[in-house]
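Trainee: The following block contains the structure, expressed as structure tokens.
The values are calculated or read from the model by the stated rules, or taken from the named source; none is laboratory data. Keep in mind it's a predicted model, so treat the numbers as computed, not measured. Positions of Cβ are generated from backbone atoms using ideal geometry, with glycine treated the same way; all protein chains shown enter the neighbour counts. The protein model used for the area step is the full one, side chains on, heavy atoms only, and it has no ligands, DNA or RNA in it. Shrake-Rupley method; radii C 1.70, N 1.55, O 1.52, S 1.80 Å.
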Amino acid sequence: MKMGGLGCFGIALILMGVVGFSGPAQAQLTMNFYQKSCPNAEQLVKKFVEDHIPNAPSLAATLIRTHFHDCFVRGCDASVLLNFTSTNPSNATEKTATPNLTLRGFSFIDRVKSVVEAACPGVVSCADIIALVARDAIVVTGGPSWNVPTGRRDGVISNQTEALNNIPAPTFNFSALRTSFANKGLDVKDLVLLSGAHTIGIAHCSSFSNRLYNFTGVGDEDPALDSEYAANLKAKKCKTATDNSTIVEMDPGSFRTFDLSYYGLLLKRRGLFQSDAALTTNSNSTALVKQLLQGSLANFYTEFARAMEKMGRVEVKTGSTGEIRKHCALVNS
């Protein structure tokens, strides 16, 4: 999922045979994991977010997208933050993969890590910081809260190819999305709910311009995209097929508000990515979209919170696996 340009914060799912998503790893994540080792850790993270995100609210979308992209590659282990590792000295890490080139906020996470390190050196993982920052940033901007059990440890491997192979692409159809999410122990309901984070996202024209200018390779437009919306995008935003820099709101008119309008746009054929439009090509996912729209915002928040907590447990490293990095961009020497 390329979110925020949340790169598909885009976000999906058949519940069998998922390595690393089973009971033991999940059981070792607990609420208030740092209560004894660093009792103020979560409050320090929250305060930093509350002090700084109001000055840069657009970071909320990219921070939740960073969390999503991290969890889909080797699990939620902060591998997306690494600049290089001993096994990958060429720097071809997850950061350099196409889906992650538009991620921002790495320095923000580094600053949060510095604050926590000053209080409790070598105790709190970067993986937990990503998960906490993503939740707190969404809350500060008026979105839902969710439980973030902690105890994740940081990975020591980061590979560009693995990111390309595991992060759902904005061009995915429903079948590819379902498989991608299923590989991480997430189901169709999770797919629909996590895609809802696009309500505050932005995207670069390059992520969907093929739908406007060359959908099947003959200079045509994607017939699944509302023609009036497509014409407006071509006239005012993505004026050429090669525009790589212009950004577009995923949820026009409501992109600063975490609400249900994204789902309404899907039913109007105004989902920006092919992966957004794909949610209306399957009867089960379409039914879920309609149920969300017919329900209350509070219900959406509750269900989204459940899906986020579930995603935050994907293939986590706990116990003696991995490490607690001193610096989020570097493995410990």
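Trainee: Hey, how many Å between the Cα centroid of the range 214-237 and the Cα centroid of the range 251-277?
Mentor: Each part's Cα centre sits 16 Å from the other's.
Trainee: Could you work out how far apart the two model spin labels at SER227 and GLN43 are, taking each label as a point 7 Å from the Cα in the direction of the beta carbon, and quote it in nm?
Mentor: Distance between label points: 6.1 nm.
Trainee: Using modelled amide H (1.01 Å from N, peptide plane; none on Pro or chain starts), what sits under 5 Å from the amide H of LYS326, excluding residues fewer than 5 places away?
Mentor: Result for LYS326 returns ASN332.
Trainee: What shape does the chain have by the C-alpha gyration tensor, where a ≥ b ≥ c are the square roots of the eigenvalues, rounded means a/c under 1.5, and otherwise prolate means a/b greater than b/c and oblate the rest? Before the final figure, lay out each step's value.
Mentor: Values: a/c = 1.67, a/b = 1.55, b/c = 1.07.
Since a/c reaches 1.5 and a/b is larger than b/c, the shape of the chain is classed as prolate.
Trainee: Kindly state, as a whole number, the per residue volume in cubic angstrom of the convex hull around the alpha carbon atoms of the range 216-333. Walk me through the intermediate numbers first.
Mentor: Values: hull volume 24.8 nm³, N = 118.
Value for the range 216-333: 210 Å³ per residue.
Trainee: Going through the cross-link list LYS36/LYS317; LYS95/LYS290; LYS46/LYS268, which pairs have a Cα-Cα distance over 29 Å in this structure? Let's see the in-between values first.
Mentor: On the way: LYS36/LYS317 20 Å; LYS95/LYS290 36 Å; LYS46/LYS268 37 Å.
Over 29 Å apart, Cα to Cα: LYS95/LYS290; LYS46/LYS268.
Trainee: Right, something else. I'd like the accessible area for LEU44, computed on protein heavy atoms only with a 1.4 Å probe and all protein chains in place. Round to 10 Å², please.
Mentor: In the full protein context, LEU44 sits at about 50 Å².
Trainee: Continuing with the same structure: Tell me, in nm to one decimal, what length is gained between ALA241 and SER261 on full extension, where the rule is 0.36 nm per residue of separation less the Cα-Cα distance? Write out the running numbers ahead of the final one.
Mentor: Numbers: separation 20, 0.36 × 20 = 7.20 nm, distance 2.74 nm.
Roughly 4.5 nm would be gained on extension.
Trainee: Keeping the other protein chains in place, figure out the carbon and sulfur percent of the accessible area of the range 89-135, with a 1.4 Å probe. Display every interim value, and only then the final one.
Mentor: Details: 980 of 1670 Å².
The nonpolar share, carbon plus sulfur, comes to 59 percent.
Trainee: Counting helices only, and only those DSSP H runs with n ≥ 4, report the 222 nm mean residue ellipticity of the chain as the sum of -39,500 (n - 2.57) divided by its residues, in deg cm²/dmol to the nearest 500.
Mentor: On the way: 14 runs with 136 residues, N = 333.
Using -39500 (n - 2.57) per qualifying helix, the result is -12000 deg cm²/dmol.
Trainee: Can you find, among LEU233, CYS38, ALA197, the residue farthest towards the positive end of the dipole of the chain? Put +1 on the C-beta of Lys and Arg, -1 on that of Asp and Glu.
Mentor: CYS38
Trainee: Now, a different point. Find the centroid of the Cα atoms in the range 73-106 and in the range 186-210, then give the distance between the two in whole Å.
Mentor: The range 73-106 and the range 186-210 have Cα centres separated by 21 Å.
Trainee: Taking a probe of 1.4 Å, how large is the accessible area per residue of the chain, in Å²? Could you put the intermediate results ahead of the total?
Mentor: Details: 13420 Å² over 333 residues.
Per residue, the chain has an accessible area of 40 Å².
Trainee: Follow-up. Amide H to amide H under 5 Å from GLY75: which residues, 5+ apart in sequence or cross-chain, H placed 1.01 Å off N in plane?
Mentor: Counting only residues 5 or more places away or on other chains, the set is empty.
Trainee: If you plug each phi of the range 116-131 into the Karplus form 6.51 cos²θ - 1.76 cosθ + 1.60 with θ = phi - 60°, what whole-Hz ³J(HN,Hα) values come out, in order, with x for Gly and Pro?
Mentor: Per-residue couplings from phi come out as 5, 4, 5, 8, 9, x, x, 10, 9, 6, 5, 4, 5, 4, 4, 4 Hz.
Trainee: Then there is this: Cut-off 17 Å, label point 7 angstrom out along Cα-to-Cβ of ASN55: give me the residues of the range 84-109 whose amide nitrogen falls inside.
Mentor: Correct set: 105-109.
Trainee: Which sequence of HIS198, HIS52 reflects their accessible areas, 1.4 Å probe, from the largest down? Could you put the intermediate results ahead of the total?
Mentor: Numbers: HIS198 0, HIS52 60 Å².
Per-residue accessible area, sorted high to low, gives HIS52, HIS198.
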